[in-house]
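Participant: First the structure, which I've put down as structure tokens, then a few questions once you've had a look.
The values are calculated or read from the model by the stated rules, or taken from the named source; none is laboratory data. Values in this document were obtained by computation on a predicted structure and should not be read as measured data. Positions of Cβ are backbone-derived with ideal geometry, glycine not excepted, and every protein chain shown enters the neighbour counts. Just the protein is used for accessible areas: all its heavy atoms, side chains included, with ligands, DNA and RNA removed. Shrake-Rupley method; radii C 1.70, N 1.55, O 1.52, S 1.80 Å.
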Amino acid sequence: MRRDGGAEPYWSRPEARVWTVMLLLGTCLLYCARVTVPICALALSADFHWDKKQFGVVLSSFFWGYCLTQIVGGHISDQIGGEKVLLLSASAWGFLTVLTPLLTHITSAHLIFMTSSRFLMGLLQGVYFPSLASLLSQRVRESERAFTYSTVGTGSQFGTLLIGGAGSLLLDWYGWESVFYFSGLLTLLWVYCTCKYLLSEKELTIPINYLTRGLSIPKQTKVPWKQLFRKAPIWAVIIAQLSTASTFFTLLSWLPTFFKETFPDSKGWVFNVVPWLVAIPTSLFSGFLSDHLISQGYRTITIRKFMQVIGSGVSSIFALCLGQTSSFCKAIVFASASVGLQTFNHSGISVNVQDLAPSCAGLLFGVANTGGALLGVICVYLAGHLIETTGSWISVFNLVAAVNSIGLCTFLLFGEAQRVDTDSVYVDL
């Protein structure tokens, strides 16, 4: 399944299928590594005597790093190819995940080390989704992007599901260290298989002229950013992206602790698995439905907004219900509905970036996701502060709903799907 260097830019159907599966697995392992710390929250806090404010610092430090490499990762991917950036970053975060337990037991400054480790993990994973957006905008036909992106996006649920199920068992049987080893080693295996079976030696080589040029953008490839950022649809998708990303990060970081504290007798594998299991078919369905409706003649922007109403609006209603219930079964249903419906964002704003500016989708997605990571830092830390000071989880879910509402309203008012980068002269190497 290796490509010839002179092949056409779009993947053939067989290539697209194989790459979709491999990218789904890559996204799965991205989230396995990302969620190791939230899954091990109580065990880490007990071992190192952290309170919720201190653990909130550890969780939020990921997003400080995450926001710093989004734009750079998108820019590099647009020029040398997203697959190269994906594999480099995955190799690095795989090694870091494996080494974290070993190094943690060597140092005595556990809080500082784990905070630094999470910051570095954020730096390494920050390039992933901008690189993915760049790769898919260059290799996947427009009529197939929503389903492809939604399918690859289910990796986030598969990853959380895998680490939630297997990780919870490993945590109970062998301790929190085993969760890190499991995630890191699987990532390194994925990198090896992708390099060996999908890419040729030429495709793995980074152009020398790019290395000598560095990160500068030559005159002939510059994007007219002033013109782009004067357009309301660009700001609409950025604000919507930062809102949905930050609320997703908040739920991802704090849901395990919510269930463990609110329902102490519940089994970790239930609440760490069921919501993400539900999210897989909903993500696939949203992509299929979006592409089908567009093929039936509905306006692209109408479908993008419809998907976003479900992904941000309806999911927030279930998040609010989650904070009001005292029943474990109802809490699982509400959490599953909220997390599952959030996947409709994959067919809304996530592909709207590629609608607006396919020539620089990676860099623009990086700009949007940087905002999401910055707001994610604030929301994750603020959630921990609200829990510690009020003792109530209702305030956390109110925060999620409020932030989602701002992004949704902005996108409904100003969102468009007409290409706005046609004046740019941004070209591939």
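Participant: Where does the charge balance sit around Leu408 when Lys and Arg score +1, Asp and Glu -1, over other residues with C-beta under 13 Å from its C-beta?
Facilitator: Local charge sum for Leu408: +2.
Participant: What number, rounded to the nearest 500 deg cm²/dmol, is the helix-based mean residue ellipticity at 222 nm of the chain, given -39500 (n - 2.57) per DSSP H run of at least four residues and division by all its residues?
Facilitator: Numbers: 21 runs with 328 residues, N = 429.
It lands at -25000 deg cm²/dmol.
Participant: Return the carbon/sulfur percentage of the accessible area of the range 1-147, one whole number, probe 1.4 Å, all protein chains in place.
Facilitator: Taking all protein chains in place, the range 1-147 shows 67 percent carbon and sulfur surface.
Participant: Still on this model: Tyr128: net charge of surrounding residues, Cβ under 12 Å, Lys/Arg +1, Asp/Glu -1, itself excluded?
Facilitator: 0
Participant: Taking every eigenvalue of the Cα gyration tensor of the range 66-123, multiplying by 5 and rooting it, what semi-axes result, largest first, whole Å?
Facilitator: Working through the eigenvalues yields semi-axes of 28, 13, 5 Å.
Participant: Okay, next question. Dipole of the chain, Cα-centred, from +1 at each Lys and Arg C-beta and -1 at each Asp and Glu C-beta, to the nearest 20 debye?
Facilitator: With only Lys, Arg, Asp and Glu charged at Cβ, the dipole is about 600 debye.
Participant: Calculate the all-directions average of the projected area of the range 34-107's alpha-carbon convex hull, and give it in nm².
Facilitator: That works out to 5.7 nm², a quarter of the Cα hull's surface.
Participant: Is the range 1-146 rounded, prolate or oblate when judged by the Cα gyration tensor, a ≥ b ≥ c being the square roots of its eigenvalues, rounded requiring a/c under 1.5 and prolate requiring a/b larger than b/c?
Facilitator: Taking the square roots of the gyration eigenvalues as a ≥ b ≥ c, the range 1-146 is prolate.
Participant: Treat every Asp and Glu Cβ in the range 72-199 as -1 and every Lys and Arg Cβ as +1, leave all other atoms uncharged, and give the resulting dipole magnitude about the Cα centre to the nearest 20 debye. Mind dumping the intermediate values first?
Facilitator: Details: 6 positive and 6 negative charges, 41 e Å.
The calculation lands at about 200 debye.
Participant: Once Rh for the range 234-377 is found with the Kirkwood sum over Cα pairs, what is the Stokes-Einstein diffusion coefficient at 37 °C and 0.692 mPa s, in µm²/s?
Facilitator: For these conditions, the coefficient is 205 µm²/s.
Participant: Bin all alpha-carbon pair distances of the chain at 10 Å intervals from 0 and give each bin's fraction as a whole percent.
Facilitator: With a bin width of 10 Å, the distribution comes to 5, 23, 34, 26, 11, 2, 0.
Participant: Counting only protein heavy atoms and using a 1.4 Å probe, what share of the accessible area of the range 231-284 belongs to carbon plus sulfur, as a whole percent?
Facilitator: Carbon and sulfur atoms account for 72 percent of the accessible area of the range 231-284.
Participant: In nm, what is the difference between 0.36 nm times the number of residues separating Tyr174 and Val21 and their Cα-Cα distance?
Facilitator: On the way: separation 153, 0.36 × 153 = 55.08 nm, distance 3.06 nm.
Using 0.36 nm per residue and subtracting the Cα-Cα distance, I get 52.0 nm.
Participant: Which residues make up the longest stretch of the chain that has no chymotrypsin sites (Phe, Trp or Tyr not before Pro) in a DSSP loop with at most 15 other Cβ atoms within 10 Å?
Facilitator: Between the exposed loop sites, the longest stretch runs 11-228.
Participant: Say we join alpha carbon atoms closer than 10 Å with springs in a Gaussian network model of the chain; which of Thr250, Thr325, Thr115 then has the biggest fluctuation?
Facilitator: Between Thr250, Thr325, Thr115, it is Thr325 that shows the largest mean-square fluctuation.
Participant: What number comes out for accessible area per residue over the range 329-429 if the probe is 1.4 Å? Units Å², please.
Facilitator: For the range 329-429, the per-residue accessible area is 35 Å².
Participant: Please calculate how many Å² of accessible area the range 31-166 carries per residue, with a 1.4 Å probe and no DNA, RNA or ligand atoms counted.
Facilitator: On the way: 4100 Å² over 136 residues.
Per residue, the range 31-166 has an accessible area of 30 Å².
Participant: Taking amide H positions as placed 1.01 Å from N in the peptide plane, with prolines and chain starts having none, which residues 5 or more places from Ala417, or on another chain, fall under 5 Å of its amide H?
Facilitator: Ile301
Participant: P(r) for the range 306-350: what percent of alpha-carbon pairs falls in each 10 Å bin, starting at zero?
Facilitator: Each 10 Å bin holds this share of Cα pairs: 34, 45, 18, 2.
Participant: By the gyration tensor of its Cα atoms, with a ≥ b ≥ c the square roots of the eigenvalues, what is the shape of the range 236-301: rounded for a/c under 1.5, prolate for a/b over b/c, or oblate?
Facilitator: Oblate, because a/c is 1.5 or more while a/b does not exceed b/c.
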